[in-house]
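Worksheet for the structure shown next.
The values are calculated or read from the model by the stated rules, or taken from the named source; none is laboratory data. All figures in this text were calculated on a predicted structure; none of them were measured in a lab. Please note: Cβ atoms are built from the backbone with ideal geometry, for glycine as well, and neighbour counts cover all protein chains shown.
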Amino acid sequence: MEEKGWEPRIVAFVCNWCTYAGADLAGTSRLEYRPEVRIIKLPCTGRIDPLFIIKAFEKGADGVLVSGCHPGDCHYTSGNYHARRRWIVFRELLKFAGIDLRRVHFSWVSASEALKWRDLINEVIETVRSAGPFEAYRRLNP
Amino acid sequence: MEIPYYPGCTLNTVARDFDLSTRRSLKRLGIELKELSQWNCCGAVFPLTPDNVMGLSAPARVLNRAEKEGDKVTTLCSFCYNVLKRTDYRLKRDREGLEIINDFNEGDYRGKVRVLHILEVLKELVGFKEVKEKVSRPLKGVKVAPYYGCMLLRPAEEVGIDDHESPTIFEDFLASLGCDVVTYPKRIDCCGAHMAMGREDMVSEMSGRILLSAHEGGAEMVVTSCPLCLYNLERSEAPLMKREPGFKAMPVLYFSQLLGLALGEDGDGLFSGKNLYDPRPLLRDKGLL
Amino acid sequence: MKVRIGKRPKGDLVDLIERISGEDPSLCYQCGNCTAGCPAAFAMDLPPHQVVRLLQIGQEDMLLSSRAMWVCVSCLQCYSRCPKGVDISKIMEALRQVTLRRGKDGIEVKGLPVDLLSQSPQQALVAGFRKLVS
Amino acid sequence: MARIGVFVCQCGNNIASTVDTQKVAEEMKKIPGVVYTQDYKFMCSAVGQELLKKVVKEHRLDGIVVAACSPHMHEKTFRKACEAAGLNPYRCEIANIREQCSWVHHDKTKKTGTLKSTDLTRMTIERLKKNKPLKTINIPLKKKALVIGGGIAGIQAALDIAESGYEVILVEKEPSIGGHMAQLSETFPTMDCSQCILTPKMVELSMHEKVRLLTYSEVEKVEGYIGNFRVQIRKKAKSVIEDLCTGCGECIEKCPFKADSEFEVMKGHKRKVIYVPFPQAVPNIPVIDREHCPKFLKDKCGICAKVCGPKAIDYSQQDEIITEEVGAIVVATGYDLMPVESFGEYGYGRIKDVVSGLYFERLASASGPTGGEIRRPSDGKVPETVVFIQCVGSRDPKRGVPYCSKICCMYSAKHTMLYKHKVHHGQAYVFYMDIRSGGKRYDEFVRRAIEEEGAVYLRGRVSSVYERDGKVIVEGADTLSGTQVEIEADMVVLATAIVPRKGAKELAQRLGISYDTYGFYNESHPKLRPVETNTAGIFLAGTCQGPMDIPDSVAQGSAAASKVISLFSREDLVREPILAEVDERVCNACWDCYYACPYSAIEQHPLKGRDGSIVRWVARVNEGACQGCGVCVAACRSKAIDLKGYTDEQVYAAINALV
Ligand SMILES: Cc1cc2nc3c(=O)[nH]c(=O)nc-3n(C[C@H](O)[C@H](O)[C@H](O)COP(=O)(O)OP(=O)(O)OC[C@H]3O[C@@H](n4cnc5c(N)ncnc54)[C@H](O)[C@@H]3O)c2cc1C
Ligand SMILES: Cc1cc2nc3c(=O)[nH]c(=O)nc-3n(C[C@H](O)[C@H](O)[C@H](O)COP(=O)(O)OP(=O)(O)OC[C@H]3O[C@@H](n4cnc5c(N)ncnc54)[C@H](O)[C@@H]3O)c2cc1C
Ligand code: SF4
Ligand code: SF4
Ligand code: SF4
Ligand code: SF4
Ligand code: SF4
Ligand code: SF4
Ligand code: SF4
Ligand code: SF4
């Protein structure tokens, strides 16, 4: 599949209140960023089940981004702490399973950080591109 | 009861009064001070730079010796107490440091020793009530000001034998002997310590404030548990008298000397007469000698 | 007097002092409690809180030329009362160590009176030599 | 098979310039279950909405996807239109192809935008297929409020709520309302007499027809959720029948026994055993302090009953448990002051003339024990030199608390003024670290103390305080001059740290609200939801939340009241149906969700057998409390809990549609 013109596919799991709104603001501000990202909106990063991420890889994602409110700003007060804690464990697990950590990203983007969102997406896509297509996973899950 | 005892350098030399009076008094209370079979100088100061554990090797050697001879060790001098206690505190919490020191000392200290100041022995192992009961010659009418200094109290979490701001262990002890205890604000201040070397002016100022404070509290004598404090306090009296005409010289002695007296020891064995200001006339006046 | 305050070069004296003493001067909020209770402050050209202050703003020369470190008696009153747990006695010790290691002493041993050496308790000499002489 | 309609909006040129909307619509037609697709110029316009309604009806659609702007813009609009067309609004989903596609990908060939829009719309369609119709939830609402704590904050909240016509119960644990403010002399920054401005409010509250005042009472148990709390209140026996007592005070006058007064902070200051805390107490009904009354200890005395004309004394009175149903709760339990006996160097408790700030308030108060004359406690002399020490226990991580108590800078300045007004030749000194006087006319106030009243401010802490010849010696530092200072004072006043009420944590646990490490109650958001807690329906007012002065406490009381009033102004509570739901067959009672939920919305529920015995426990979601964050869902390892509107199935459907 390593054909010419390969572009990575990224799935972004974002919370409704901060990052989703931040991504909207990037639009309202007419910023431009790489188009290879698909956003899935959830009420809170605390809602994110690590299995969502596994599933995304299984369905052809080459990289995953999770982003929510800054610490202390969570709309639900502490959901992002839960997410963060789960994330750390999950990352360890991925590392253990031999998955290239360049494929998984965690960030905080607030409703006002359109620029950060733009840079983040471009950066994540660059990083995932450097990791190449996620062939290994797809071979495991034909 | 036998308790391993670390005398330190001064107790067999300039502070013989302290050593003798303590041994005798404790014997009367059923405690035998058993001098460590081998010991070395503790170094007199606890090294304040945590980056260097080697400074702890001397006191660690003492602790190692003590561990072989019992589960506790007592000292009389506040300086020794402070150094041993802090060393022990550090080594108990710093495994790595302990290993280095043991390596260097060719020792095997495991941190199983409890370092006790003699006042703690009196409070915890004997009990001030017990002391009071054994007192045969209550020191009625003597106004005594206990002087703590720094080494028994600070740092509170490592050595503090009592509350570091409002300690009472010394007062409680003296009260059990029947003294009129004078509590005065400067009893926890520093006497000038090693400034004795070269900065007598500082010592005289610092010890002078302590003496003045005790004097204002109505004290007739000051007791201490440290040979250096005693030295500094005594030597600051003459200059103080010059500065403060109202101040009259008063004896400075070891608390154990009063303990011995109260327990009925005879005075000749307790006071060698080395004091700059001899306490005996005052005690005689009070009918205690 | 005006001092120059600038970015501290790495590995300079201030860092060294922090490393040797294990103390973090940035914790100090200059409340002055150390100075208030220091029994030796009367003899210091720089009171304890200013020693910490000068560390904070990286003034090595002023620190090293000060007599404060030599007259600090390590009584720990400053540490005992510091609300932020800064142990100035350790900072003073570090300053002494650095100076001693550079071969500069706090006292002239030759000038000490003989009867002091013979009459004073050993603690005074041992402590004094360890603190003040390289 | 589903019958889904898809509308792709052009948004004028906003979408259409980089997305081929027609192509997107056509692509969608290929998806199984999609029976209708169309692109249109302005979906949100009246015409667009009409179109949507018409299509829904004509094609008997059971679901709609609108590919248009962000759901934050028009989700509500389109859902409403669906509802009007008879379709469940939660069967309408939005694909965001404007903010997150056409506006951020500027490719004029439309290739990029069209591809991404197709993907996004497809994902939304698959998600929609798994959507269940949901119904908003209507929760009945009890329009009665409970206020806990009758300090100035609680009084203000209760009055505001009562004024808007709703019933209020105010529970105060002391025999009188008033709180700390009743103890103060004059108050910064205006220097008006505390009693003079407080007493009228206390009286107004007690007279208000909508207010039920329960003094000498405490909240014991709280159950339920927003709109429907059930509370149990213990009304302690006053030993005085309130309906009969006329407040004549005869009993107090004749009572021969005394106990320490809680109100007068001075050590050894006494009140009678039957007492009101202070003369202006509200209600003006005495209580018997049973711990000190010999009638209760050894059945002696009984004088009060004999002298009471209306026979209001009742020694056999029992505590009463009152159950009330309320829709909202305001917590206003106030603060305590840190006991400073632990600061040995300040001599508090040892030196008589070292007193606390609150003590000084009583000294300066016209209704205080000295009638407002500043006299020191040891010998009653007028002190000529007074030293005020700030930050005692505050900003002291080693032995006190690390935070700033916020009000003591101001009241210390006030104290110097009060002192100077009463002792003209006296000199006030203040030891401070920083002066924190942010606020309207606050810094001017402090400057006045210095410039006009001549208070001398010394920047530094005090290291020790001791007595000498009847003087109190204060040793400190003045860091500005770099020197040690010593002051021979006659009296020393300590500005001690503000700390949470004793028992604050226990009350929080009873209420199910959170608190910080010290025990101050947590607001929902420090900036944007300052008087709400994370438990819906429970609000905060005053110093139970953190140190603050009277103006702030009052502002908070009013803010909490307005939250209650706006809650009560609705018929009932309408909630979005985005709620967690437990599958009780699968739940294995591990309580992971219970601990994870930030809103304490999970309840531990017993499942009972036919004989009434508990068979097993399961988690159950309290719909009143759940905010729909979904933290519990991810926490549940048994997959027993799911979030309506964002179910696992829906999310997986969207992920599956990626390619
Ligand atoms: C020395 C001093 C001087 C001050 N001077 C000023 C000043 O000049 N100007 C100014 O603006 N502010 C001043 N303040 C601050 C002022 O006291 C507070 O801002 C104000 O009193 C806070 O009111 P509150 O209602 O939050 O708390 P509180 O006054 O503490 O009231 C809380 C009430 O709740 C009751 N309560 C507690 N727990 C329970 C329970 N579990 N159940 C039922 N009832 C309970 C208590 O009995 C009390 O009546 C001063 C404070 C001090 C210490
Ligand atoms: C540099 C700086 C940094 C800050 N950082 C923080 C921070 O980190 N955290 C924090 O909590 N606070 C911060 N603040 C404070 C914060 O900005 C204010 O507390 C807050 O913005 C006040 O909101 P406001 O609504 O009262 O006033 P404003 O934000 O001033 O809003 C007033 C509005 O009214 C409009 N208006 C004015 N007159 C009229 C009129 N006649 N008719 C109609 N409309 C009118 C104005 O156009 C404006 O939109 C900061 C302030 C500054 C200066
Ligand atoms: S007491 Fe501590 S915080 Fe205060 S000035 Fe001294 S070192 Fe700094
Ligand atoms: S240790 Fe040194 S600086 Fe600290 S109080 Fe004692 S003399 Fe002063
Ligand atoms: S629905 Fe949204 S995208 Fe369509 S016209 Fe309205 S604002 Fe524009
Ligand atoms: S209880 Fe009786 S005597 Fe006491 S105040 Fe009430 S009415 Fe008067
Ligand atoms: S019975 Fe109790 S309250 Fe009544 S008068 Fe006697 S002591 Fe006072
Ligand atoms: S308000 Fe002032 S006195 Fe009170 S803690 Fe803060 S800085 Fe200290
Ligand atoms: S004016 Fe602003 S910067 Fe100055 S003290 Fe007040 S809050 Fe601080
Ligand atoms: S969705 Fe959030 S608020 Fe609702 S029960 Fe789950 S964790 Fe609690």
What tally of residues in region D:437-465 results from selecting those that are in a strand (DSSP E or B) and either within 12 Å of chain C (Cβ to nearest Cβ) or within 16 Å of ligand 6 (Cβ to nearest atom) (or both)? 6
If I go through region C:86-103 residue by residue, how many of them are modelled with pLDDT of 95 or more, in a loop (DSSP other than H, G, I, E, B) and either buried (at least 24 other Cβ atoms within 10 Å of the Cβ) or away from ligand 4 (no atom under 11 Å from the Cβ) (or both)? 1
Restricting region D:609-619 to residues that are surrounded by 11 or more Cβ atoms within 10 Å (Cβ to Cβ) and over 30 Å from A:Tyr76 (Cα atoms), the one nearest to ligand 10 (Cβ to nearest atom) turns out to be D:Arg616
Given (1) within 19 Å of the chain's Cα centre (by Cα); (2) farther than 30 Å from D:Gly347 by Cα; (3) modelled with pLDDT under 95, B:Thr183 misses just (2)
Within the group A:Phe52, A:Phe57, which residue is of a type in the set (Phe, Trp, Tyr) and either more than 9 Å from chain D (Cβ to nearest Cβ) or assigned to a strand (DSSP E or B) (or both)? A:Phe57
First in region B:236-251 and touching a residue at least 24 places away in the same chain (Cβ under 8 Å), second anywhere and small (Gly, Ala, Ser), Cβ under 6 Å, 6 or more apart: B:Ser236/B:Ser204; B:Ser236/B:Ser207; B:Ser236/B:Gly208; B:Glu237/B:Ala249; B:Pro239/B:Ser204; B:Leu240/B:Gly208
Which one is surrounded by the most Cβ atoms within 10 Å (Cβ to Cβ) among residues in region B:150-176 that are aliphatic (A, V, I, L, M) and under 17 Å from the mean Cα position of the chain (by Cα)? B:Met151
Tell me whether region B:242-265 contains one or more residues that are farther than 20 Å from B:Leu177 by Cβ, buried (at least 24 other Cβ atoms within 10 Å of the Cβ) and aromatic (Phe, Trp, Tyr). no
Can you name every residue in region D:473-492 that is under 42 Å from the mean Cα position of the chain (by Cα), touching a residue at least 24 places away in the same chain (Cβ under 8 Å) and more than 7 Å from every other protein chain (Cβ to nearest Cβ)? D:Val474, D:Ala489, D:Asp490, D:Met491, D:Val492
Strands (runs of 3 or more DSSP E) contained entirely in region D:116-192, each with at least 2 residues that are within 16 Å of ligand 6 (Cβ to nearest atom) and under 30 Å from D:Arg79 (Cα atoms): none
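Residue-by-condition table, conditions (1) among the acidic types (Asp, Glu); (2) within 14 Å of chain D (Cβ to nearest Cβ); (3) within 16 Å of ligand 3 (Cβ to nearest atom):
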| site | (1), (2), (3) |
| --- | --- |
| B:Asp162 | yes, yes, no |
| B:Ser166 | no, yes, no |
| B:Glu171 | yes, yes, no |
| B:Leu174 | no, no, no |
| B:Val181 | no, no, no |
| B:Ile188 | no, yes, no |
| B:Gly192 | no, no, no |
| B:Met197 | no, no, no |
Any chance region A:35-44 includes a residue that's in a loop (DSSP other than H, G, I, E, B), within 7 Å of chain D (Cβ to nearest Cβ) and within 13 Å of A:Leu120 (Cα to Cα)? yes
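Residue-by-condition table, conditions (1) modelled with pLDDT of 95 or more; (2) farther than 27 Å from D:Pro339 by Cβ; (3) crowded, with 18+ Cβ neighbours inside 10 Å; (4) more than 16 Å from ligand 4 (Cβ to nearest atom):
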{"position": "D:Glu172", "(1), (2), (3), (4)": "yes, no, yes, yes"}
{"position": "D:Pro175", "(1), (2), (3), (4)": "yes, no, yes, yes"}
{"position": "D:Thr187", "(1), (2), (3), (4)": "yes, no, yes, yes"}
{"position": "D:Val211", "(1), (2), (3), (4)": "yes, yes, yes, yes"}
{"position": "D:Tyr216", "(1), (2), (3), (4)": "yes, no, yes, yes"}
{"position": "D:Glu223", "(1), (2), (3), (4)": "no, yes, no, yes"}
Only residues that are more than 14 Å from chain C (Cβ to nearest Cβ), among the polar types (S, T, N, Q) and under 19 Å from the mean Cα position of the chain (by Cα): list them for region B:34-85, please. B:Thr74
Restricting region D:460-482 to residues that are among the polar types (S, T, N, Q) and buried (at least 19 other Cβ atoms within 10 Å of the Cβ), the one nearest to C:Gln50 (Cα to Cα) turns out to be D:Thr479
Kindly check whether there is at least one residue in region D:559-567 that is in contact with a helix residue (DSSP H, G or I) (Cβ under 8 Å, 6 or more places away or on another chain), among the hydrophobic types (A, V, I, L, M, F, W, C) and surrounded by fewer than 21 Cβ atoms within 10 Å (Cβ to Cβ). yes
When residues of region D:547-556 are filtered for being in a helix (DSSP H, G or I) and either of a type in the set (A, V, I, L, M, F, W, C) or touching a strand residue (DSSP E or B) at 6+ places or on another chain (Cβ under 8 Å) (or both), how many remain? 4
Conditions: (1) assigned to a helix (DSSP H, G or I); (2) in contact (Cβ under 8 Å) with a residue 12 or more places away in the chain; (3) away from every other protein chain (no Cβ under 14 Å); (4) over 16 Å from the mean Cα position of the chain (by Cα). B:Gln257 meets all but one. Number of the miss? (4)
Residues in region A:50-63: is at least one touching a His at 6+ places or on another chain (Cβ under 8 Å) and among the β-branched types (Val, Ile, Thr)? no
Can you report the number of residues in region C:117-128 which are more than 7 Å from chain B (Cβ to nearest Cβ) and either touching a helix residue (DSSP H, G or I) at 6+ places or on another chain (Cβ under 9 Å) or crowded, with 23+ Cβ neighbours inside 10 Å (or both)? 2
Only one of (1) at pLDDT 95 or above; (2) in a helix (DSSP H, G or I) does not apply to D:Ala619, and that is (2)
Checking the structure you have, find out if any residue of region B:17-35 is of a type outside the set (A, V, I, L, M), over 15 Å from B:Val83 (Cβ atoms) and at pLDDT below 90. no
If you go through C:Pro83, C:Pro47, C:Pro39, the only one that is at the interface with another protein chain (Cβ under 8 Å from one of its Cβ atoms), touching a strand residue (DSSP E or B) at 6+ places or on another chain (Cβ under 8 Å) and in contact (Cβ under 8 Å) with a residue 12 or more places away in the chain is C:Pro47
Test for D:Pro283: is it closer than 20 Å to D:Cys196 by Cβ and more than 16 Å from ligand 9 (Cβ to nearest atom): yes
Tell me whether region D:319-328 contains one or more residues that are in contact with a helix residue (DSSP H, G or I) (Cβ under 8 Å, 6 or more places away or on another chain) and in contact (Cβ under 8 Å) with a residue 24 or more places away in the chain. yes
Conditions (1) within 22 Å of D:Thr187 (Cβ to Cβ); (2) more than 14 Å from chain C (Cβ to nearest Cβ); (3) more than 15 Å from ligand 1 (Cβ to nearest atom): number failed by D:Gln427: (1)
